[in-house]
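Engineer: There's a structure below that I have some questions on.
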Amino acid sequence: MMKIVEVGPRDGLQNEPGLVPVAAKVSLIEALVDAGLRHVECGSFVSAKWVPQMADTSAVFAKVRRVPGVSYSALVPNLMGLAEAIRCGVSEVAVFAAASETFSRRNINCSIDESLDRLGAVANEAKSHGMRVRGYVSCVLGCPYEGEIALAAVARVAGALAGMGCYEISLGDTIGVGTPRKAQDMVRAVTRTVPIKQLAVHFHDTWGQALANILATLETGIEAVDASVAGLGGCPYAKGASGNVATEDVVYMLDGLGVDTGVNLEKLAVAGRDIMQLLGRTTTSKAAAALAALKENLV
């Protein structure tokens, strides 16, 4: 079965200008789980000053109904965030580093090596509490400041995250500039340091290549994909970058390939429709839009 990590409630909503109510976030998470998703990133324990949309993550975890067998994870940037995650009973956390030195300094105000030292302490503390730790690497196929990133730099950061105990490392095309061949080359370069079974991919769709890149990386052996319901999200540090690939589009493609995801596309599309209605926008998912149009024509 292909693993889909749903990042909409965190990566998708974190840059929304208007605060999304806790009840709406909880409803979204529960709808995603009801649709069959078993890995949902629900929020992040970060400074409310820098990411005000995530200031209510503790309240979200307090209210969301947790289904056995489902991973409800959260992003934590430091030990303070981890402490709050522990208090909220979170069983899995994610940490993030960048493959670009400039992006690291502009995003989290420290060098790559300094960030890895901090994350090592977070990972060790999390594991001491029995928590699973997942790692993200940003800018694996390009940086808004440096342009193309050396594959060796991506492999080094991914290897460092694996070395500190991250059970899975998600390789993120933060500004969505990757193409299928480059995506394959990047994954294969990282597998010289980290086993393919320990890798996931995270593509933004700025240039319309996200689905093609996912398909290409499946050929390398990738079995885990990040996606965001309705294509929510973007990167505040990457001007013009569009959202993550839509979960509905990923599920539709994988269904067509005969790959089991365990996700009900119709229920997933409803979850995306509902959150986009709340935000006052329409879905960016081509599959969800086509499904809605089909239903209208049948009525």
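Here, each number is a calculation from the coordinates, and none is a lab measurement. Predicted model, so just to flag it, every value in this text is computed and none were measured. Cβ: placed from backbone, ideal geometry, glycine included. Neighbour counts: every protein chain shown.
Engineer: As an exercise, take the mean of 1/r over every pair of distinct alpha carbons in the range 3-298, invert it, and state the Kirkwood radius in angstroms.
Structural biologist: 18.9 Å
Engineer: Nearest 0.05, what FRET efficiency do ASP113 and ARG192 give at R0 = 25 Å with Cβ-Cβ as r? Please report the intermediate quantities before stating the final value.
Structural biologist: Values: r = 20 Å, r/R0 = 0.82.
Efficiency computed from Cβ-Cβ geometry: 0.75.
Engineer: If you don't mind, another one. Of the cross-linked pairs LYS49/LYS267; LYS182/LYS286; LYS3/LYS49; LYS49/LYS286, which ones have a Cα-Cα span greater than 26 Å in the structure shown?
Structural biologist: Correct reply: LYS49/LYS267; LYS3/LYS49; LYS49/LYS286.
Engineer: Now, a different point. If r is the Cβ-Cβ distance from ARG281 to SER128 and R0 is 35 Å, what FRET efficiency results, to the nearest 0.05?
Structural biologist: Working: r = 42 Å, r/R0 = 1.20.
That gives a FRET efficiency of 0.25.
Engineer: Starting from the Cα-Cα distance between ARG65 and ASP260, subtract it from 0.36 nm times their residue separation and give me the gain in nm to one decimal.
Structural biologist: 67.7 nm
Engineer: Only Cα pairs under 8 Å and at least 6 apart count here; give the relative contact order of the range 116-243 as a rounded whole percent. All intermediate terms of the calculation are to be shown ahead of the outcome.
Structural biologist: Values: 232 pairs, mean separation 31.0, N = 128.
Relative CO of the range 116-243 lands at 24 percent.
Engineer: Right, here's the next one. Would you work out which of VAL122, LEU268, LEU279 lies farthest towards the positive end of the dipole of the chain, given +1 charges on the beta-carbon of Lys and Arg and -1 on that of Asp and Glu, about the Cα centre?
Structural biologist: VAL122
Engineer: Moving on. If you take the square roots of the eigenvalues of the alpha-carbon gyration tensor of the range 41-149 and sort them as a ≥ b ≥ c, do you get rounded (a/c under 1.5), prolate (a/b over b/c) or oblate?
Structural biologist: prolate
Engineer: Report, by chain and number, residues whose modeled amide H sits under 5 Å from the one on GLY43, excluding near sequence neighbours (fewer than 5 apart, same chain).
Structural biologist: For GLY43, the qualifying residues are LEU75.
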